[in-house]
Amino acid sequence: MGTTLEIVVVREREAFICHLGDSRVYLMKTGELHQITTDDNLAAYLVDEEHLPPEKVPPGARHILTQAVGGAETLIPELHTVELHAGEILVICSDGLTGMLADREIAGIV
């Protein structure tokens, strides 16, 4: 068993992000949603590292985490520093949302 982790610390005009798993952090600016983190799952690995076309990814590969808290002895968290500007919004959500709605639909709700 493992779980995802998203830590976001905002200090003045900077956001410091630590990520593991397939939950996501987005930055909403000028009406568009920009994904900051990369999914740590088998589907993303197959597309990014094995150059498999997304339509060829096996069903269920999206639900197999390649990094998760409690899932491995050695973890390499993804770290980001993002400069924030007036009107921008950070969105933190699980794969329960991103699995049901496209980014444009999430942006419309935000």
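Hey, does segment 27-47 have a residue that's in contact with a His (Cβ under 8 Å, 6 or more places away or on another chain), in contact (Cβ under 8 Å) with a residue 60 or more places away in the chain and not charged (D, E, K, R)?
yes
Output the residues belonging to segment 1-24 that are in a loop (DSSP other than H, G, I, E, B), closer than 18 Å to ILE89 by Cβ and open to solvent by 20 Å² or more (accessible area, probe 1.4 Å).
GLU12, ARG13
Applying the selection to segment 58-99, what residues are of a type in the set (Val, Ile, Thr) and at pLDDT below 95? Even if it seems obvious, please write down each step before you answer.
At the first step, the residues of segment 58-99 found to be of a type in the set (Val, Ile, Thr) are 64, 66, 69, 74, 76, 81-82, 89, 91-92, 98.
Once the filter is applied, which keeps residues that are of a type in the set (Val, Ile, Thr) and at pLDDT below 95, segment 58-99 yields ILE64, THR66, VAL69, THR74, ILE76, THR98.
The values are calculated or read from the model by the stated rules, or taken from the named source; none is laboratory data. A quick note: this is a predicted structure, and the numbers were derived from the prediction, not measured. When we count neighbours, we look across all protein chains shown, and the Cβ atoms used for this are built from the backbone with ideal geometry, even at glycine. SASA here: full protein model, heavy atoms, side chains in, ligands and nucleic acids out. Shrake-Rupley method; radii C 1.70, N 1.55, O 1.52, S 1.80 Å.
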